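Working notes for the structure below.
Every number in this text was worked out from the coordinates using simple rules, so none of it is lab data. In this text, all values refer to a predicted model and were calculated from it rather than measured experimentally. Using ideal geometry, Cβ is built from the backbone for each residue, glycine included, and neighbour counts are taken over all protein chains shown.
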Amino acid sequence: MTRVTKPKLAVWKFASCDGCQLSLLDCEEELLEVAGALEIAYFPEASRAVVRGPYDISLVEGSITTPHDAERIHQVRRVSRFLITIGACATAGGIQALRNFKDVQEFIRAVYASPQYIETLSKSTPIRDHVFVDYELRGCPINKYQLLEVINAYLNGRKPNIAPHSVCSECKRRGIVCVMVANGTPCLGPVTHAGCGAICPSYRRGCYGCFGPKETPNPAALSKRWKQLGMKEEDLVRAYRSFNAYSEAFRRESESHERS
């Protein structure tokens, strides 16, 4: 009888909070189906058991912040057929990329009693800055259903069906009143990738941009509208510098207001 070999799945962690890995564990009943279709070969968050690679699919959470991790990500790439980055840290440097706008050595001297023992890079960077990435799944944390769709797509040799539209489209579908039009509340929804289900606007709060910039954002136009609502330059800088501060669109827009 021929033994059927399942594709191997590995989950790797770099600088992050583990939230995106927990999104995979949060799949609960769906996780059983994933385990039925894949061999979960390496996933320290879930098990100490390790099956040696190479791996068919590698999910990578976290950004590159140390020389050691800059070397390790190349090792991960070499043993991975498909490498998929998950979450804001892996796709945009994460909240820790706020260091990129300042001198990280100043932070080290202020925080650590023995800064000479701290070995770190000057910037927190996304995985794609170091190795080739087959697919990026955004979010802080990621949407577990989008993750299941991406895994399913690679198992079946097709392109993931992840809509590129903005959070505004999610608001329209759910019948949520636009907080910016109705209440003058600053909201990143028009320039932010969909995926969260428009959680914040559903509670009458502006979007914080957890899923990063959509494919064709226009943050300059949004900032112009925010200025009409009375936002100051320093507030505009802070608005774009959160979970996806170092994504290109948000970074450029924040820097344009920092210079003004």
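Can you tell me, using C-alpha contacts under 8 Å and at least 6 residues apart, the relative contact order of the range 43-118 as a whole percent?
Details: 63 pairs, mean separation 22.3, N = 76.
Relative contact order comes out at 29 percent.
Between Pro141, Pro190, Pro54, where does the largest GNM mean-square fluctuation fall for the chain, given springs only between Cα atoms within less than 10 Å?
Sorting by GNM fluctuation, first place goes to Pro54.
Would you kindly state how much longer the chain becomes between Met231 and Lys102 on full extension, computed as 0.36 nm times their sequence separation minus their alpha carbon distance, in nm to one decimal? Spell out each step's value before the answer.
Details: separation 129, 0.36 × 129 = 46.44 nm, distance 2.35 nm.
Between Met231 and Lys102, full extension yields 44.1 nm more.
Neighbouring Cβ atoms within 10 Å as the yardstick, rank Tyr117, Tyr246 fewest first.
So the residues, fewest neighbours to most, are Tyr117, Tyr246.
Using Cα-Cα distances under 8 Å and only pairs 6 or more residues apart, what relative contact order does the range 110-260 have, in percent?
On the way: 177 pairs, mean separation 26.5, N = 151.
Computed over the range 110-260, the figure is 18 percent.
Which of the trypsin sites (Lys or Arg not before Pro) found in the range 171-227 are loop residues per DSSP with 16 or fewer other Cβ atoms within 10 Å of their Cβ?
Numbers: sites: Lys172, Arg173, Arg174, Arg204, Arg205, Lys214, Lys224, Arg225, Lys227; in loops: Arg204, Arg205, Lys214.
Sites meeting the loop and neighbour criteria: Arg204, Arg205.
Show the residues, 5+ positions off or on another chain, whose built amide H is closer than 5 Å to the amide H of Arg205.
So Arg205 has HN proximity to no qualifying residue.
In what order do Thr91, Thr5, Thr185 fall by count of nearby beta-carbon atoms within 10 Å, going from fewest to most?
Numbers: Thr91 28, Thr5 8, Thr185 16.
Exposure proxy ranking, most exposed first: Thr5, Thr185, Thr91.
The range 1-131: D in µm²/s via Stokes-Einstein (Kirkwood Rh, Cα pairs, 10 °C, 1.306 mPa s)? Please list the in-between numbers first.
Details: Rh = 16.1 Å.
Stokes-Einstein gives a translational diffusion coefficient of 99 µm²/s.
What is the count of Lys pairs in the chain whose alpha carbons sit under 23 Å apart, if the two are 8 or more places apart or on different chains?
17
Over 22 Å, how big is the tail of the calculated P(r) for the chain, in percent of all Cα pairs? Don't skip to the answer; put the middle values down first.
Numbers: 19749 of 33670 pairs.
Considering the chain, 59 percent of its Cα-Cα pairs are separated by more than 22 Å.
Mind listing the Cα extents of the range 167-259 along all three principal axes, in Å, largest one first?
For the range 167-259, the Cα extents along the three principal axes come out at 38, 26, 19 Å.
Report the gain in length on full extension from Asn218 to Lys159: 0.36 nm times residue separation, minus Cα-Cα distance, nm rounded to one decimal. All intermediate terms of the calculation are to be shown ahead of the outcome.
On the way: separation 59, 0.36 × 59 = 21.24 nm, distance 2.60 nm.
Result: 18.6 nm gained on full extension.
Considering Cα pairs under 8 angstrom that are at least six residues apart, work out the relative contact order of the chain and quote it in whole percent. Numbers along the way, then the final one.
Values: 469 pairs, mean separation 43.4, N = 260.
Value for the chain: 17 percent.
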